[in-house]
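One structure below.
All of the numbers you see were taken from the coordinates with simple rules; none came from a lab. Everything quoted here is computed from the prediction, not taken from an experiment. Cβ: placed from backbone, ideal geometry, glycine included. Neighbour counts: every protein chain shown.
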Amino acid sequence: MRSTEGLPEISTPWSTLTAYDLDRGTIKWQISLGEMSTLAAKGIRSTGSATRGGVVVTAGGLIFAGTQDDRKFRAYDKDTGEQLWETEIPARPNGVPAVFEVGGRQYVVICATEAEPVTDPATVTPAVPPKTSAQGYYVFALPANGASQNGASQKGGDP
């Protein structure tokens, strides 16, 4: 359900990433997951973003998640929730990321689509036409030594 401004009716954050301490039954850390690009442009941050899928955790302790409203793919530290890396994808991340290995190198992949065009709530017409040419799978190589690094490039780049 959305307001007349096209935003969710509940208060922010609209999505969170939460780590639980299962031994103690408590929340270890919790962060907002993504943000609304239109609000971030106005200086309103940490709102959370629509997600369609889930997260994947690597053996090295990285959590990868994609968010649709801001078209971003991010890596977080599983112990602290600190964001270690992000990249903007030309289409909307959609689904659960997957991790695989080829030739001793680990990769993470996310599907991105434009199945749901962004709409203008005032006119209920697509405000941004779908970018069907941007749809596909985006693959990123993890650092060879397993260490976290900032920066990336698509289609086989290093996060």
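Each peptide among 16-28, 100-112 gets the average number of other Cβ atoms lying within 10 Å of its residues, and from highest to lowest they stand as 100-112, 16-28.
For segment 16-141, pairs of C-alpha atoms spaced more than 24 angstrom apart make up 33 percent of the total.
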